[in-house]
Amino acid sequence: MEIRKTTLFLETCFGETVAQAQMESAIPLPQGKTLERVLSQEAEVAVREVSCRDGAVVVTGTMTMKPTVESAERQPYAFEAAADFTHTIRMDGVTPEMSARVSAEIPACSLRREEGGLRMQATVQLRAAVFRSEQVPCITTLEDARDAELRTASLTIKKRMLLGAHSLHISETIETPRSVSVLKASAVPMINGLVKGTDGLLPQGELKLSVLFTEPDGGILREQYSVPFSDVISCEPGENASATATLNTLTVTIEEEGTATVDAALSIGVYGSVSDTQRILTDAYDAAGSFTCRSERVNALNYEAAWSQTTQINETVPVPSHMKDAYLPLYAALRPAVTNVSVENGRALIEGVLAATIVYRDDDGMKQSFTAELPLSFETEAKGTLPVVRVRAFDAQLSGSGRTVALSVTLSVEAEWYREIAFDCVPELLPGTPCETDCGMLVWFADPGETLFSVGKRFRVPTARVKACNPALADPIPEGTPVLLIRSNCR
């Protein structure tokens, strides 16, 4: 008898955890600048490196603050300040051989004035998923096995893989209001489609660009633009191909009155699922009882799909009672964060919070601002059991006056879906105990969960003979059902 084997390279989810890192730092003002009030702050966090150690996941990253403030002369200006951080997430059972994937968000952030500049306090939320890689040997089939009954199953494992990546530079000219200068700019790159071309895959999308301009009298104007882009990624189409875009750098420069140049650098990656299908042995026996199977229950992580959608939320935000009425809403700085993801009965509920700093002009012409935390909730079809979710906000519109401001925001919700699957395999055969059952006829009353195969294995009778003697039976056999067995050619 020839035993044929293979090795499965599997990844399993060891566990998930959420941790929070508290950050506090002084932020100096740019040289020669004064500070009267903070109008708004945008905060970003990027994870640079993740490593697993005994009992912990160590995360290093950078948090970037982008405050917009007003000087003592009532002139607005914006600047950036970055701070590196390292945080250790404790998790029992983690070993250096494991790998982790960490997403970072900022659910809370505040700035206050202090001598010489600002004091920043922020909470960075780290969501870590730890994975364990395993090599599982298993038998695929038995060749030339005499009087052997084999039970096999087809196993398909799908993994998410990077098919190709490219850096894209965008340079476009946009129209601007006259007699203005650029205060600050932000953008969200969106992939709208993925087309198969002769040289590979063509991601097509748009840069959702928001620019704050300052007027000579200190006023602020907000303009929104859509800058289209496309690229060519040399790769095979793959299965369930999808693309992601990350903004690396962005500058908006006034070239002449009425026009500005947008320069942006993007990193575009195309991902797809790669499937490996194997037929493996799940159980076996022979009439002589010369061997027995050592079976194992194995878990594996299976990539299901990438999914994305855009949704619009409309909220009426009250102006705090201690603040003056809003005369003219100027702009909103947005910071979405996911706080919980739950999957039940084929539906996924994604919950979070949207921190919206609203800047407006009051009746006296002064700029005022306040921050409101708005709850987020999305429900969608679950395409797996373990999603990795990211939410981004763009296209904010403000209207209204008085004691309320109407806020309309478009949100992009993206998710990668995974599912844990379990299967049985046979890593090896062990010596069996020769069957001494006498020849003849036997009636067996089925135990719970029994099948034609399990009854045949119990008494070393070929499954085909069990079926031939009991043509009305089908799997699973109801408990207590009489099963007729005829054993012949006994030794």
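Every read-out reported here was derived from the displayed coordinates using simple, explicitly stated rules and does not represent laboratory data. All figures in this text were calculated on a predicted structure; none of them were measured in a lab. No Cβ is skipped: glycine too gets one built from the backbone with ideal geometry, and neighbour counts run over all protein chains shown.
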Under a point-charge model restricted to the Cβ atoms of Lys and Arg (+1) and Asp and Glu (-1), what is the dipole moment magnitude of the chain relative to its Cα centre, in debye to the nearest 20?
960
The stretch 363-382 residues near the modelled Ser71 label - backbone nitrogen below 20 Å, point 7 Å along Cα→Cβ:
366-368
Between Leu430 and Arg48, what is the spin-label point distance in nm, taking each point 7 Å from the Cα along the Cα→C-beta axis?
5.2
Quick check on packing: order 166-173, 115-122, 239-246 by the mean number of other C-beta atoms within 10 Å, highest mean leading.
239-246, 115-122, 166-173
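Mind giving me the FRET efficiency for Asp199 and Met441? R0 is 60 Å, r the Cβ-Cβ distance, nearest 0.05 is fine. Present the calculation step by step, with values, prior to reporting the outcome.
Details: r = 71 Å, r/R0 = 1.19.
The pair Asp199/Met441 has a calculated efficiency of 0.25.
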FRET E, pair Asp263, Glu351, Förster distance 30 Å, beta-carbon r, rounded to 0.05
0.20
Subtract the Cα-Cα distance of Ser167 and Asp325 from 0.36 nm times their separation in residues, and report this length gain in nm to one decimal.
52.2 nm
In nm, to one decimal, how far is the modelled label at Thr253 from the one at Lys33, with both set 7 Å along Cα→Cβ?
2.0
Between Met1 and Asn340, what length comes free when the chain is fully extended (0.36 nm per residue of separation minus the Cα-Cα distance, one decimal in nm)?
116.7 nm
Checking the table Lys184/Lys208; Lys33/Lys66; Lys5/Lys383; Lys33/Lys208; Lys159/Lys457; Lys5/Lys457 against a 26 Å threshold on Cα-Cα, which pairs fail?
Lys5/Lys383; Lys33/Lys208; Lys159/Lys457
What is the distance, in nm, between label points placed 7 Å from the Cα along the Cα-to-Cβ direction at Phe79 and at Asp276?
5.3
What ranking do Met441, Met63 get, fewest neighbouring Cβ atoms within 10 angstrom at the top?
Met441, Met63
So what's the back-of-envelope 222 nm ellipticity for the chain, counting only DSSP H runs of four-plus at -39500 (n - 2.57) apiece and dividing by all residues, rounded to 500?
-1000 deg cm²/dmol
Of the stretch 364-382, those with amide N under 17 Å from the point 7 Å along the Cα→Cβ vector of Arg113 are 366-370
In nanometres, the difference between 0.36 nm per residue of separation and the alpha-carbon distance of Asp363 and Ala288 is 17.4 nm
For the Ala472, Ser401 Cβ pair and Förster radius 56 Å, calculated FRET efficiency rounded to 0.05 is 0.10
